[in-house]
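Asker: If you scroll down you'll find the structure; I have some questions about it.
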Amino acid sequence: MNKQDGREKKLPQLTKKVIGKVLKKKDVLPDKEDAGIPGQELADKVISKMKSYKEDLSHLNIIICGKTGVGKSTLINSVFCGNLADTGIGFPVTSEIRLFPDENFRTDIPLRIYDTPGFELDAVQRSSIKEQIKSVIDAGNGNDDRCIHCIWYCINTMASKIEQEEINYINELRQLTAFGSDGEKRSVPVIIVLTQSIVKSRADQLTKVIKSSDSLANAVIPVLAREEAIDSRTTVKAFGMDKLVEKTEELAPFISDTLTSVQIVSLKQKQKNCRSVVNLAAVTALGVGAAPVPFADAPLLVSAEIAMIAKITVLFGFEADKSVMMGILSSALGTGGATLLGRTVVSNLLKLTGVGAVAGGLISGSTAAVITIALGEAYIQLLSMVFRGELKKTDLSSDKGRKKFRQLFKEALKTSKDSNIYKSLSADGSSEVLTEGQTIGDTQENK
């Protein structure tokens, strides 16, 4: 192996080192809006892309069942955005089943919750409601936007016991099938939700009883939809709703994007799916950066990052706000921001390695991927702070939010040396993840 081959193998490591040195010597992120790509134009592009992503989201369709008073409305309002069940009045779908939100008034949330009446009706009425549930499922079959994805059956944890009639009813629900446009039939997943699980020992006991019944449900999830005061000194915090969301996604992965967007309880799920978006954008950036054009003249790279920011914003369930986008994005996506950083890093690497055109493309590609990953991670962390209540949404359009984003972006770039998600572009245009300690040269030699 000659000296140049050795330098090419070390490009990812050199990229990380040079980024660190550049950030120490000079702040290449501007304090003012870059004149090359104005913040208003960037904001318009992100908002347009957000609109497109939201229009492409299929509805998440859930049927929720259980006795009167088990806390179905509280559960709906706690898990999903929009306070859908606040009024207690939904749109009548059948003579008994009601739909939240009422699609005559709310079309902005890609979510349908079909709420059934209480289980404690007589046998004839229960049979009628089961047939109505089946009719709702049948009506959605063959239509990806209306296909039923899951049934949540709610049981009050503090109930003395689960009745045999209720067990039989749940078993009957488990026999129902649905299918999307592909025509492939599947059982509608049933999750038993143990509501009002104030006493953990009682929730554990009931969970054990239910799980002892073979195939009664796909999962049992204890939850407390809102905190409960036991006395003047003791309060039980809300819990379990994030687990409910994560299990629903596991059972219906094809509706993951919509569920991520409309749920307001699982930060872990939002971050996981947003990081998948970042990784995909990094692959795109790698290919664009490796193209034989100057790094600063790669509008496709900025387009990939705009698409990434738009998708992350949608998955966090945030509305498009032009002032927010203008304040934050101009410092990172303008030609004086991330692309200036890219130019500086590429220039330094080319001088350091003295490699040829092919390796030069690898340098640009690797740099573009690193910066895209850092940009995406910084934006995820910024929105995570809003999710946790550490920042207000209004802060995002202020100097406070903009400075925080710049800080997170720089930190993400500095800590990227510990990351194992650098990509390499193979000869056939595909990509693969580099494990820790592996180099681009290693992957090329293994092909």
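Asker: Express in nm, to one decimal, how much length is gained between Lys200 and Asp102 on full extension, taking 0.36 nm for each residue of separation and deducting their alpha carbon distance.
Answerer: Details: separation 98, 0.36 × 98 = 35.28 nm, distance 3.54 nm.
31.7 nm is the gain from fully extending Lys200 to Asp102.
Asker: Next up: Across the stretch 243-254, in residue order, what do the Karplus-derived ³J(HN,Hα) couplings come to in whole Hz, using 6.51 cos²θ - 1.76 cosθ + 1.60 with θ = phi - 60° and x for Gly and Pro?
Answerer: Each residue of the stretch 243-254 in turn: 5, 5, 5, 5, 5, 4, 5, 4, 7, 9, x, 6 Hz.
Asker: Hey, another quick one. Would you kindly state how much longer the chain becomes between Glu131 and Arg388 on full extension, computed as 0.36 nm times their sequence separation minus their alpha carbon distance, in nm to one decimal?
Answerer: Full-extension gain reported as 88.3 nm.
Asker: So for the stretch 58-262, taking the charge dipole from beta-carbon charges (+1 Lys/Arg, -1 Asp/Glu), which of Thr260, Tyr114, Thr68 sits furthest toward the positive end?
Answerer: Checking the options against the dipole of the stretch 58-262, the answer is Thr68.
Asker: Next question, about the same structure. In nm, give the distance between the simple-model label positions of Ala139 and Lys51, each being 7 Å from the Cα along the Cα-to-Cβ direction.
Answerer: 3.1
Asker: Counting other C-beta atoms within 10 Å, and keeping those with at most 14, which DSSP coil GluC sites (Glu not before Pro) do you find in the stretch 121-228?
Answerer: Glu163, Glu184, Glu227
Asker: In nm, what is the difference between 0.36 nm times the number of residues separating Asp122 and Glu172 and their Cα-Cα distance?
Answerer: Contour length minus Cα-Cα distance gives 16.4 nm.
Asker: Nothing charged except the Cβ atoms of Lys and Arg (+1) and of Asp and Glu (-1): what's the magnitude of the dipole of the stretch 58-262 about its Cα centre? Round to the nearest 20 debye. Before the final figure, lay out the partial values.
Answerer: Details: 22 positive and 28 negative charges, 113 e Å.
Once rounded to the nearest 20, the dipole reads 540 debye.
Asker: What percent do you get for the relative contact order of the stretch 58-262 when only Cα pairs under 8 Å and 6+ apart count?
Answerer: The value is 22 percent.
Asker: What is the fewest-to-most order of Val220, Val370 by other Cβ atoms lying within 10 Å of their Cβ? Mind dumping the intermediate values first?
Answerer: Values: Val220 20, Val370 29.
Placing the least packed residue first, the sequence is Val220, Val370.
Asker: So which trypsin sites (Lys or Arg not before Pro) in the stretch 377-418 end up in coil per DSSP with only 10 or fewer other C-beta atoms within 10 Å? Write out the running numbers ahead of the final one.
Answerer: Details: sites: Arg388, Lys392, Lys393, Lys400, Arg402, Lys403, Lys404, Arg406, Lys410, Lys414, Lys417; in loops: Arg388, Lys392.
Passing both the DSSP loop test and the Cβ count: Arg388.
Asker: Same structure again: Determine the distance separating the Cα centre of the stretch 155-176 from the Cα centre of the stretch 225-262; give it in Å without decimals.
Answerer: 21
Bear in mind these aren't lab numbers, they're just calculated from the coordinates by the rules spelled out. Nothing here was measured: the structure is a model prediction, and the numbers come from that model. Don't worry about glycine lacking a Cβ; one is built from the backbone with ideal geometry, like all the others, and counts go over all protein chains shown.
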